[in-house]
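One structure below.
We did not get these values from a lab; they are worked out from the coordinates using the rules stated. What you are looking at is a predicted structure, and each value in this text was computed from that prediction instead of being measured. For neighbour counting, all protein chains shown are included, and Cβ atoms are generated from backbone atoms with ideal geometry for every residue, glycine included.
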Amino acid sequence: MPRALITGITGQDGLYLSELLLSKGYEVYGLIRGQNNPKRELVEQTVPGVKLLTGDLMDFSSLLRALETAQPDEVYNLGAISFVAYSWENAHLTADVTGKGVLNILEAVRLYAHDDVSKVRFYQASSSEMFGKVQEVPQRETTLLWPRSPYGVAKVFGHYMTINYRESYGMHASSGILFNHESPRRGPEFVTRKISMAVARIKLGLQDYVTLGNLDAKRDWGYAGDYVEAMWRMLQQPEGDEYVVATGETHSIRDFLDRAFAHVGIEDWAPYVKQDPRFMRPAEVELLIGDPTKAHEKLGWERKVDFPQLVAMMVDNDLEEQRGLMAG
Ligand code: NDP
Ligand code: GDR
């Protein structure tokens, strides 16, 4: 039975990846931080097969302990401070967790493996935010990185550190440059879920409007359930490598609003959307669109859920959730 250790188990991707690996017969361990993590119950209910180990990406010895307990064949490093807007206000913390945390776990894997690094395969959750002020359209594995936020800068550090451990120590280490991926499990601070929740609540008469920032930014949005499959496929390759995982399509926040409101029968959303500079970023990533050719050709990966299906899935989920809350 293969064994996997996942950091960031309480997050959107941690849950989908756990489900995928459990369905493939893996023994799955998840690293959970904090003395009394409020999301522990969610993980225990959603993926009861996962064994939880306490640890933090900033606490090197906790990582080594988790590796020694889990004895994993595969390590998926999904843990991060992942909210870009928050990273300006907490730049040092973001650098420590999202950046240096990657070095901590890579080094812990190396020491745990006693230099026989071939016994553990490593996945790093890199991000399209590394492309920032994009230097090429669409963005691919070789596009020059130009991050625009402390989060993006920290991810660049983790990305190159992953490549460096592969080149220095021969580790089977891969970096998935994943473009935005969403789902009903997306945190409510991210724009897609903020919109799907607001649309559901507006439709049900529970909320009057939603306040957003820049509506013109464009993102390449896919479905998280599809993207964790690409992570797993990367670690089944003979060698570690870098892969862009994206849909190859881009849509603005306005496009997302159009679809989400239309899904509940509202064609003109202008009366329900306000803008506030508080949600604008000091430096914006205006356009992201990925070229997933390498992932298609080498991993045989294809997305299954398209943009209209994704928006509908998220709004339907929030309608159901809000109706459930209303019913008590
Ligand atoms: P989430 O924000 O949903 O989850 C982040 C996870 O990181 C949570 O489980 C959180 O745990 C954990 N975490 C935070 N701080 C620490 C720490 N100090 N030590 C250990 N764990 C910590 O992110 P997603 O699931 O959406 O994304 C997964 C990864 O993929 C992240 O690294 C993200 O940056 C990256 N990524 C995401 C993309 C996306 O569109 N979703 C695209 C590209 C990359 P807790 O519950 O304790 O806070
Ligand atoms: P992003 O996702 O920064 O791309 O990072 P987010 O949904 O936060 O922002 C997307 C775009 O929407 C604009 N926007 C708003 N964003 C938020 N959160 N709230 C608003 O009210 C709002 N109004 C407009 C933003 O300015 C931005 O242009 C996500 C995270 O999951 C990262 O961890 C991951 O690496 C990248 O995706 C790929």
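Considering only residues that are in contact with a Phe, Trp or Tyr (Cβ under 8 Å, 6 or more places away or on another chain) and part of a strand (DSSP E or B), which ones fall in the stretch 244-274?
Within the stretch 244-274, 244, 245, 251, 273, 274 meet the criteria.
Here are the criteria: (1) more than 17 Å from residue 79 (Cβ to Cβ); (2) crowded, with 18+ Cβ neighbours inside 10 Å. Tell me which single one residue 129 does not satisfy.
Going through (1) more than 17 Å from residue 79 (Cβ to Cβ); (2) crowded, with 18+ Cβ neighbours inside 10 Å one by one, residue 129 breaks only (1).
Which of the residues spanning the stretch 233-281 are within 30 Å of residue 74 (Cβ to Cβ) and free of Cβ contacts under 8 Å to residues at least 24 places away in the same chain?
236, 238
Being part of a loop (DSSP other than H, G, I, E, B) and near ligand 1 (Cβ under 9 Å from one of its atoms) is true for just one of 25, 14, 79. Which residue is that?
79
Just to be sure before I move on: is residue 212 surrounded by 18 or more Cβ atoms within 10 Å (Cβ to Cβ) and closer than 27 Å to residue 88 by Cβ in the structure I sent?
yes
How many residues are surrounded by 15 or more Cβ atoms within 10 Å (Cβ to Cβ), under 21 Å from the mean Cα position of the chain (by Cα) and of a type in the set (D, E, K, R) when one looks only at the stretch 57-92?
Here the count works out to 1.
Determine which member of the set 91, 85 is within 16 Å of ligand 2 (Cβ to nearest atom) and in contact with a Lys or Arg (Cβ under 9 Å, 6 or more places away or on another chain).
When all the criteria are applied, what remains is 85.
With a cut-off of at least 3 residues that are more than 10 Å from ligand 2 (Cβ to nearest atom) and within 21 Å of the chain's Cα centre (by Cα), name the helices (runs of 4 or more DSSP H) lying wholly within the stretch 136-238.
150-169, 224-235
Please specify each residue of the stretch 287-324 satisfying the condition of being part of a loop (DSSP other than H, G, I, E, B), surrounded by fewer than 21 Cβ atoms within 10 Å (Cβ to Cβ) and of a type in the set (Lys, Arg).
If the condition is that a residue be part of a loop (DSSP other than H, G, I, E, B), surrounded by fewer than 21 Cβ atoms within 10 Å (Cβ to Cβ) and of a type in the set (Lys, Arg), then 304 is the only one that fits.
Of the residues in the stretch 1-56, how many are on the phi > 0 side of the Ramachandran plot and under 17 Å from the mean Cα position of the chain (by Cα)?
Of the residues in that region, 1 qualify.
Residues are listed down the side, and each one gets a yes or a no for (1) surrounded by fewer than 21 Cβ atoms within 10 Å (Cβ to Cβ); (2) over 26 Å from residue 14 (Cα atoms):
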position: 221; (1), (2): no, no
position: 226; (1), (2): yes, no
position: 242; (1), (2): yes, no
position: 273; (1), (2): yes, yes
position: 278; (1), (2): yes, yes
